[in-house]
Amino acid sequence: KSANWLNTKLRDMGIQYKQNGTWVLTAKYADCGFTVIRTTYTKYSDGETHAYNTTYWTQAGRKFIHELLDSHM
């Protein structure tokens, strides 16, 4: 399965949603330590620097996903 499939599945299950281009967990899961958000900076050839937030799953989050999908498939 692809990352797009997983993100859509988790969205449909009410676990995450997209806010300003970044996937974030809903309130029920936000304080469980399942994800961290890291900011990456990219400097373009015109000298401008842009910041991007990316959501990463922690080991606890990956375990949660595996258990969740095992029980729903």
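Within the range 31-73, being out of contact with any Phe, Trp or Tyr (no Cβ under 9 Å at 6 or more places or on another chain) and among the small types (Gly, Ala, Ser) holds for GLY33, SER45, GLY47, SER71. Does the range 58-66 include one or more residues that are modelled with pLDDT of 95 or more, surrounded by fewer than 10 Cβ atoms within 10 Å (Cβ to Cβ) and either in a strand (DSSP E or B) or of a type in the set (S, T, N, Q) (or both)? Looking for residues that are modelled with pLDDT of 95 or more, surrounded by fewer than 10 Cβ atoms within 10 Å (Cβ to Cβ) and either in a strand (DSSP E or B) or of a type in the set (S, T, N, Q) (or both), one finds at least one in the range 58-66, hence yes. When the range 1-19 is limited to residues that are open to solvent by 90 Å² or more (accessible area, probe 1.4 Å) and outside any strand (DSSP E or B), the one that is farthest from ARG62 (Cα to Cα) turns out to be ASP12. Please specify each residue of the range 20-45 satisfying the condition of being over 11 Å from the mean Cα position of the chain (by Cα), more than 22 Å from GLN59 (Cβ to Cβ) and open to solvent by less than 70 Å² (accessible area, probe 1.4 Å). Listed by number, the list holds a single entry, THR42. ASN53 falls short on exactly one of the conditions (1) surrounded by 12 or more Cβ atoms within 10 Å (Cβ to Cβ); (2) modelled with pLDDT of 95 or more, and that condition is (2).
The values are calculated or read from the model by the stated rules, or taken from the named source; none is laboratory data. Keep in mind it's a predicted model, so treat the numbers as computed, not measured. Note that we place each Cβ from the backbone using ideal geometry, even for glycine, and neighbour counts take in every protein chain shown. Please note that ligands, DNA and RNA were not included when accessible areas were found on the heavy atoms of the full protein model with its side chains. Shrake-Rupley method; radii C 1.70, N 1.55, O 1.52, S 1.80 Å.
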